[in-house]
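Notes for the one structure printed next.
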Amino acid sequence: MSRGGVEFRLSASSVLKIQKGDLTRWSVDGSSDAIVNPANELMLGGGGADGAIHRAAGPELRAACYDVPEVRRGVRCPTGEARITPGFRLPASHVIHTVGPIYKTDNNPQVSLRNAYRNSLRVAKENNIQFVAFPAISCGVYGYPYEEAATVAISTVKESANDFKEVHFVLFLDEIYDVWLNKANELLQN
């Protein structure tokens, strides 16, 4: 996958890149990189980006997710939390699974979405990941409005500016890419 896109400096040692593309093909070095999977609480695959990541990673990913203990019946990763597995057949070395909020049913979707990004970044840092790539969490079937989601995503990533060499948003749809780019220009003017 092309590593092109638009780059924004987060700090002296860190950049944010926004690019169009397929998250399942993204990697930087195959050893200290991770993609973030917008999973469901069961972590066993689903539709959209979650399903695509599971298909690309192969059946080993589902097996690894199945080995993650349930915190309560049917829930391996509660909304806003994050878990990590190897990337298996993906070019990236790891997958960080996080569950974003369902916009219309979450009592405080902004807090839940912010926690999904924060906890993904925390898990990445704890595992010495230097390069992280996010999709637009909760913007698919979970119905999060793009503009609001971009504000939460970019401002939360900005908080962890010194913890990573590069943070990427790899966005599949033109419409989402355009919103993220506009929001980054607004929030990260240097």
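The C-alpha atoms of segment 36-121 occupy a region whose extents along the principal axes are 36, 26, 22 Å, arranged from largest to smallest. Compared with the alpha-carbon gap, the fully stretched path from Gln189 to Asn108 is longer by 26.3 nm at 0.36 nm per residue. For Val15 and Leu42, a Förster radius of 45 Å and the Cβ-Cβ distance give a FRET efficiency of 0.85, rounded to the nearest 0.05. Hydrophobic, long helices, defined as DSSP H runs whose alpha-carbon span along the helix axis is 18 Å or greater and whose mean Kyte-Doolittle value is at least -0.5, occur in the chain at 146-159.
Label zone of Asp29 (point 7 Å out along Cα→Cβ, amide N under 11 Å): in segment 111-150 this covers 129-131.
Sorting the segments 113-125, 22-34, 56-68, 91-103 by their residues' average number of neighbouring beta-carbon atoms within 10 angstrom, most packed first, yields 91-103, 113-125, 22-34, 56-68. Computed on segment 6-187, with alpha-carbon pairs under 8 angstrom and 6+ residues apart, the relative contact order is 30 percent. Of the residues Leu171, Ala133, Ser120, the one whose Cα sits farthest towards the positive end of the charge dipole of the chain is Ser120 (charges of +1 on Lys and Arg Cβ, -1 on Asp and Glu Cβ, taken about the Cα centre). Ordered from longest to shortest, the equivalent ellipsoid semi-axes for the chain are 23, 19, 15 Å, each the square root of 5 times a Cα gyration tensor eigenvalue. The spread of Cα positions in segment 22-71, taken along each principal axis and listed from longest to shortest, comes to 32, 22, 18 Å.
A short reminder: the numbers here are calculations on the coordinates, not readings from a lab. The structure presented is a predicted model; accordingly, all values stated were derived computationally and were not measured. For neighbour counting, all protein chains shown are included, and Cβ atoms are generated from backbone atoms with ideal geometry for every residue, glycine included.
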